[in-house]
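Report on the structure given below.
Taken together, the values in this text are just the output of simple stated rules run on the coordinates, not laboratory data. These numbers were taken from a predicted model, which means no experiment stands behind them. Note that we place each Cβ from the backbone using ideal geometry, even for glycine, and neighbour counts take in every protein chain shown.
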Amino acid sequence: MSTAHPQNVIALIWDFDKTVIPGYMQDPIFEAYSVDGGAFWREVNALPGFFKRIGVNVHPDTCYLNHLLTYVNAGRMGGLTNGKLRELGKDIVFHEGLPDFFRLLKEELDKVPEADRFELKLEHYIVSTGLREMIEGSAIRPFVDGIWASEFIETPPQPGFDPRIAPTSAPAHAANALLHVHGISQIAVAYDNTSKTRAIFEINKGSNVDPTIEVNATLPRDFRRVPFEQMIYIADGPSDVPAFSVLKQNGGTAYAVYDDAHDASLEQVERLREDGRVHHYGPADYRPGSPTAKWLGLKVRQIAAGIVERKKAALKEQVGAAPRHLG
C-alpha cells in the first residue's frame, strides 16, 4: 500500500518545566520584575478556590496565564511584551547535558546499519503548558523542530474592525487601528495537560508539516507521518498522565525523569511505573553516560533498527523474483 509519508521519522516529544529545566521557565520573569515567584505560585494555586466561592470555574493548568496578565495590568510587570518574554528566554537554565544532548541523540542514528539508506531522521518537539516566546528565545530552540506552548496577544484589533484590511498602527479613530496596551493583553492560545495530547496527534498525522491535514480527520495508520511506535514522550510527573497514556495505548514509549536531589521526585515517577503509566524512568541528567542519556540512546537505536527491518521486508515483498532459464 502506498503511503503519504515514508514514515522514516523518530519523534522525541518533550515536556519543559521540571523535564528539560530544573524549575519553571517563568523564574526569569520574576527576577526581571523583582516579583516573589513563590508568592505568585501560591496565589495561582489559590485562584481555583477563590473563584469557586463566587461561582466561577477556572482551569488549574492555565489560570496562571491570566494571573500574569493581572500583574501586567496592575503595573507589577509593566512593559512585559512578547519580545521581552523572548529576551528573558535567554536566561533559562537547563538540566546538565542540555541542549547539546538533543544534537547527540540525533547522532545515534549513525550507529544503526542502513539508517542512512532509508533516510531515517530524528526530530525533537516541545509540548508545554509554559510560554512559547520564552522557549523560542532559549538556548534549546536551534535544536527543536517544533513547539506547542501558550501564547499571548499584545495588540488586539478595535471593536468593529474590518477583517479584510491589514492591521495598522494608525490612530485609534482609524479603521482597523490596533488597541495599544503596552504589553501582553490577551491569551492567544493556552495549553493544558489534556490539550497537549492534541499536539501528539498533530505530530502523528503530520498536521504540523502539512496544514491541509486536519488533526481530527480520519487518517489510516499507513498514511500517518510519524507512527506512535516511533515516538518517545519524556516528562516529569502525574500532570503528564494524559500524554503518557496516549503514547502507551498506541504503542509508543513513555519515559519519566526525576530530580535526583529530591526523594519525593523519585517516589513520584516510581508510582507512575508501578501504575503502568510509563515504561521506564531515570534522573533528569542528560550528560553522556548518564542513565537517561544511555537509555534514550538505546531506545532510539532500537526504534531505528525496527524501521529499517520493516522497510527491508516491504522492499523484499515488492521486488519480484528474477527470470531464469527453464531446465
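A few points about this structure:
- Loop-located trypsin sites (Lys or Arg not before Pro) in the range 1-76 whose Cβ has at most 15 other Cβ within 10 Å (DSSP): Arg53, Arg76
- Overall form of the range 9-318 per C-alpha gyration tensor (a/c, 1.5; a/b vs b/c): prolate
- Counted by Cβ distance under 15 Å from Glu309, the other residues give a net charge of +3, where Lys and Arg count +1 and Asp and Glu count -1.
- For the chain, the longest principal axis of the C-alpha atoms and the axis of helix 263-274 are separated by about 50°.
- The ranking of Lys312, Lys299, Lys196 by Cβ neighbour count inside 10 Å, starting from the fewest, reads Lys312, Lys299, Lys196.
- Nonlocal amide H pairs with Gln26, under 5 Å, H built at 1.01 Å: none
- Across the range 7-15, rounded Karplus estimates of 3J(HN,Hα) from the backbone phi angles (6.51 cos²θ - 1.76 cosθ + 1.60, θ = phi - 60°) give 6, 10, 9, 9, 10, 9, 10, 10, 5 Hz, Gly and Pro being marked x.
- Helical content alone sets the calculated 222 nm signal of the chain at -10500 deg cm²/dmol, taking -39,500 (n - 2.57) per DSSP H segment of four or more residues and averaging over every residue.
- What the phi angles of the range 121-129 give under the Karplus curve with 6.51, -1.76 and 1.60, with θ = phi - 60°, is a coupling list of 8, 10, 10, 10, 10, 10, 10, 9, 7 Hz, glycine and proline written as x.
- Site pair Arg271 and Ser245 shows an inter-label distance of 1.6 nm when each label is modelled 7 Å from Cα along Cα→Cβ.
- Remark: for residue pairs Lys121/Lys316; Lys84/Lys196; Lys248/Lys299; Lys106/Lys294, the C-alpha separation exceeds 18 Å in Lys121/Lys316; Lys84/Lys196.
- Using a Förster distance of 51 Å, the FRET efficiency for Glu119-His262 (Cβ separation, nearest 0.05): 0.75
- For the range 62-76, the Karplus equation 6.51 cos²θ - 1.76 cosθ + 1.60, evaluated at θ = phi - 60°, returns couplings of 10, 5, 5, 5, 5, 5, 4, 5, 4, 5, 5, 5, 7, x, 6 Hz by residue, with Gly and Pro reported as x.
- Net charge over other residues, Cβ less than 10 angstrom from the Cβ of Asp236 (K, R count +1; D, E count -1): -3
- Once the Cα-Cα distance is subtracted from the 0.36 nm per residue extended length, the Ser34 to Glu107 segment shows a gain of 22.1 nm.
- In this structure the amide hydrogen of Gly146, modeled in the peptide plane, comes within under 5 Å of the amide hydrogens of Ile126, none closer than 5 places in sequence on its chain.
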